[in-house]
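The values are calculated or read from the model by the stated rules, or taken from the named source; none is laboratory data. Given the structure is predicted, the values throughout are model-derived calculations rather than measurements. Every residue, glycine among them, receives a Cβ derived from its backbone with ideal geometry; neighbour counts consider all protein chains shown.
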Amino acid sequence: MKHSYVLEGTATMVGTIIGAGVLGLPYVISKVGVLVGIIQILIMGLIILASNLLFTKVVLNTEGNHQLTGYAKIYLGKIGMLLMGASMIFVNYGALVAYIFGIGESLSAILGGNPLYYSLLFFIPFSFLVYKGLDVIRRWEVYLNIIFLIVAGVICFSIIPRISIENLAYTNLNYLFFPYGVILFALLGAIAIPEVKEEVRKNKEYLTKAVILGTLIPVIFYVIFSLTVIGVTGQGTTEIGTIGLGEKVGPWMIGMGNLFAMFAMATSFLTIGLGMRQMFNYDYNFRKFYAWSLACLVPLVLFLIVRNYAGFKDIIGFVGTIGGGVEGILIILMSLKIKELQKWYHKILGIIIILVFVFGMFTLIS
């Protein structure tokens, strides 16, 4: 029973974190070079792991069910709640728009036809699952993640013989900060931690293990995926990495690559959509239907408005840098209100993490 709780919790974390961001990672890393890009993924992965564990302490030390906004209100007051709410809406609406957009493109690449129709075809059943809630999503999450990892493994192993060392040796420090926003976006997953708490029956040990595994698995996967894709496509890496991979390897890879993309985004859509529904339900006291409408229908409308004006990388990079940065800073400030996290080394760690987020936002503005 213990292992099943940890497995479900880990699957939720992995399914939340690995989404549209993984598709943009090879492109941004190819610009700066594999060695520098991988170092950035590892450093940011450790920072996000520390942030997630600090937020786990907040969740475990707070009575009742809340989402990020509810915890912000408890520990940072109404202003904190407003800032967290704005950040969550910005980040997660941006993510959901990217998923609706990306899945339509992926299905179109496999089956042909208008991507808009496929986006809508995806949205209808998956938004219904968000409406049904945690129990249904929990069962789907494990199976979708297993299929996703199998497809990802097939892709990575099949293209290893095509990797060129020259593609991996390229470095251009003029693009040093170029990957930051996409990497941060690809690692965000704190919204899932309150859901995982419910899945593991509020058990401290299970929750901590699920958060650690659920954060580190995507980091390791991102490193392997970026290495293999860039090793094959080099400077020809496309904004959605699997598209360029399919063009380089052949028609069968177009199908496999876009199937991979579809599963990556579908799992994240479920968990983030549920997290948004919980926020409006738990923290703003909207009834279930209205909470679901705000969580799912608003991103659909935004998708229909912006789909012809913004690029995939632009959406996730901007959303990750600004929204993810604000969300991360507020999580650290909340954690420092917890009595057991007020030791000097916790404060130093919190300051370092905050400075990283602030620096990321500064590089985007400058």
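Descriptive notes on the structure:
- For the criterion of being closer than 24 Å to Arg277 by Cβ, modelled with pLDDT of 85 or more and touching a helix residue (DSSP H, G or I) at 6+ places or on another chain (Cβ under 7 Å), Thr12 fails.
- Pick from the stretch 19-43, criterion within 22 Å of Thr271 (Cα to Cα) and part of a helix (DSSP H, G or I), ranking: modelled with the highest pLDDT: Leu25
- Taking the criterion of being under 20 Å from the mean Cα position of the chain (by Cα), part of a loop (DSSP other than H, G, I, E, B) and among the basic types (Lys, Arg), no residue of the stretch 308-359 qualifies.
- Pairing each residue of the stretch 271-295 that is without any contact (Cβ under 8 Å) to a residue 40 or more places away in the chain and crowded, with 19+ Cβ neighbours inside 10 Å with any residue that is outside any helix (DSSP H, G or I) and of a type in the set (Lys, Arg), provided the two are 6+ apart or on different chains, yields C-beta distances under 8 Å for Asn281/Arg287.
- Unmet criterion (only one of (1) within 19 Å of the chain's Cα centre (by Cα); (2) part of a helix (DSSP H, G or I); (3) of a type outside the set (Val, Ile, Thr)) for Met253: (1)
This table checks each residue for (1) more than 21 Å from Val6 (Cβ to Cβ); (2) free of Cβ contacts under 8 Å to residues at least 12 places away in the same chain; (3) surrounded by 24 or more Cβ atoms within 10 Å (Cβ to Cβ); (4) over 15 Å from the mean Cα position of the chain (by Cα).
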site	(1), (2), (3), (4)
Ile150	no, yes, no, yes
Ile159	yes, no, no, yes
Leu168	yes, no, no, yes
Phe185	yes, no, yes, no
Leu188	yes, no, yes, no
Lys204	no, no, no, yes
Thr208	no, no, no, yes
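- The single condition among (1) touching a helix residue (DSSP H, G or I) at 6+ places or on another chain (Cβ under 6 Å); (2) without any contact (Cβ under 8 Å) to a residue 24 or more places away in the chain; (3) of a type outside the set (Lys, Arg) that Pro251 does not meet is (1).
- Failed criterion for Ala109 (all others in (1) surrounded by fewer than 21 Cβ atoms within 10 Å (Cβ to Cβ); (2) farther than 29 Å from Ile212 by Cα; (3) not basic (Lys, Arg) hold): (1)
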